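Heads up, the thing below is written out as structure tokens.
The values are calculated or read from the model by the stated rules, or taken from the named source; none is laboratory data. Being a predicted model, the structure only gives us computed values, none of them experimental. Every residue, glycine as well, gets a Cβ built from its backbone with ideal geometry; the counts of neighbours run over all protein chains shown. Heads up: the accessible areas ignore ligands, DNA and RNA and are worked out on the full protein's heavy atoms, side chains in. Shrake-Rupley method; radii C 1.70, N 1.55, O 1.52, S 1.80 Å.
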Amino acid sequence: MRISALPSLPAPPLWLRIVLQAIYPLFGIVMSLLFLVLVPFLLLLWPWDRHLALLRCLFLTVYIMWEDIGLVVECWYLRLRSPRGTSPTWDADHLALIQRALNNVLYTAKKVVGFHIEIEDEMTVGRPGHPLVVISRHAGPADSLAIAWLLAGTAGRIPRIVLADAMLWDPGIAMVLQRLDSYFVPSRSGAGDDRTKGVATLASTLSAKDAMLIFPEGRNWTRERHEDQLRRLKAAGEADRLATAVSRPWVLEARSRGVASMRQHAPDADVMVISHTGLDMISGPAAVIRAVPFRNRLLIRGRTYRSEDVPTDGDAVAEWLDARWGEVNHWVDTRISGREHL
């Protein structure tokens, strides 16, 4: 159940999403039976795979799939209870669903592959009576899942997320997030900067219990993507931006239009900037399997700013975000372990 951008995959039409929801339990049964058939063969790989990493990863994948199927079934049940979605506990019921699913997934991931989260210092999640805008670095496996858990499970806020519309292919996550009024960006270039009208609409409806999450880089950081960014800036003759990017090896450029739109349409929202590190150098399924069991924790730091201390003017927001992104890079640089450079 990973909340991530898949920009090369177009969103499925509504009729196909309904079909996917309907056949999802059957698909889960078929995939579970296939996994059981594969288990003896995966055990035979022990001389070459002493940690049984492939078996662990496949088991966790199947487990997450069933948690996702559970979200679909429970969403159907809530719809039967309130066909028009007007129940006074509608938001709370769906928040409880995602809290339970995230808790279960993270507990199982810790036991099976060693994925665990550590929060640096005391984290504040905004003032009572104020919505919260969350701006996060995007890097490594399951970081967005961890941040959603932080907001929903730890802070008790309703996560309203700006994410790529390719996530509509995931029946369970899509159903819950749609009902919690997240925004699925119809863009091939990432969720951080496109279609600000939808971001503005979502921001203007934030209530004091909500947390709106955006990844201004628009895609997961990898070393290769950072190097590609440097090549593109050099080819374009963007000397100043190139110098900044060279000095910030642990982040991609943060695009400010989406953040500025959020500030302009939710000026009373406190703003949290999230930095994290620990699994940065792991990208792609093969790298994940090689890293299991994970030796590093996912270390998260959140710094929260009062709404009145964050600008709302577009140019000022761009300057403010650029300064914060320099701080994020510095924080990662001072905490990343030597083992992750291997």
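Taken together, the residues in the stretch 202-225 that are open to solvent by less than 70 Å² (accessible area, probe 1.4 Å), over 20 Å from ALA260 (Cα atoms) and either outside any loop (DSSP other than H, G, I, E, B) or small (Gly, Ala, Ser) (or both) amount to 1. Of the residues making up the stretch 226-237, those that are open to solvent by less than 90 Å² (accessible area, probe 1.4 Å), part of a helix (DSSP H, G or I) and not acidic (Asp, Glu) are HIS226, GLN229, LEU230, LEU233. Do we have TYR24 as loosely packed, with under 13 Cβ neighbours inside 10 Å, assigned to a helix (DSSP H, G or I) and hydroxyl-bearing (Ser, Thr, Tyr) here? Against the criterion (loosely packed, with under 13 Cβ neighbours inside 10 Å, assigned to a helix (DSSP H, G or I) and hydroxyl-bearing (Ser, Thr, Tyr)), TYR24 does not qualify. Within the stretch 149-160, being in a loop (DSSP other than H, G, I, E, B) and buried (at least 18 other Cβ atoms within 10 Å of the Cβ) holds for ALA155, ARG157. Taken over the stretch 48-72, the residue count meeting the criterion of being open to solvent by 70 Å² or more (accessible area, probe 1.4 Å) and more than 19 Å from PRO285 (Cα to Cα) is 1. Determine which single condition GLY172 fails, assuming it passes every other condition in (1) modelled with pLDDT of 90 or more; (2) surrounded by fewer than 22 Cβ atoms within 10 Å (Cβ to Cβ); (3) of a type in the set (Gly, Ala, Ser). Of everything listed in (1) modelled with pLDDT of 90 or more; (2) surrounded by fewer than 22 Cβ atoms within 10 Å (Cβ to Cβ); (3) of a type in the set (Gly, Ala, Ser), GLY172 misses just condition (2).
Condition check ((1) assigned to a helix (DSSP H, G or I); (2) under 16 Å from the mean Cα position of the chain (by Cα)) across all residues:
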position	(1), (2)
LEU106	yes, yes
LYS110	yes, no
ASP121	no, no
GLY126	no, no
VAL134	no, yes
SER144	yes, yes
ILE147	yes, yes
ALA166	yes, yes
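Residues that are surrounded by 19 or more Cβ atoms within 10 Å (Cβ to Cβ), farther than 28 Å from HIS130 by Cβ and more than 20 Å from the chain's Cα centre (by Cα): does the stretch 243-257 have at least one? Yes - at least one qualifying residue is present in the stretch 243-257. In the condition set (1) touching a Phe, Trp or Tyr at 6+ places or on another chain (Cβ under 8 Å); (2) of a type in the set (A, V, I, L, M); (3) open to solvent by 30 Å² or more (accessible area, probe 1.4 Å), LEU44 is compliant with all but (1). Got at least one residue in the stretch 84-100 being more than 30 Å from VAL271 (Cα to Cα), out of contact with any Cys (no Cβ under 9 Å at 6 or more places or on another chain) and assigned to a helix (DSSP H, G or I)? No, because not a single residue in the stretch 84-100 is more than 30 Å from VAL271 (Cα to Cα), out of contact with any Cys (no Cβ under 9 Å at 6 or more places or on another chain) and assigned to a helix (DSSP H, G or I). Here is a check on your reading of the model: is LEU80 surrounded by fewer than 12 Cβ atoms within 10 Å (Cβ to Cβ) and in a helix (DSSP H, G or I)? For LEU80, the condition - surrounded by fewer than 12 Cβ atoms within 10 Å (Cβ to Cβ) and in a helix (DSSP H, G or I) - is met.
Being loosely packed, with under 15 Cβ neighbours inside 10 Å and closer than 19 Å to PRO216 by Cβ is the requirement here; does ASP315 meet it? Yes, satisfied.
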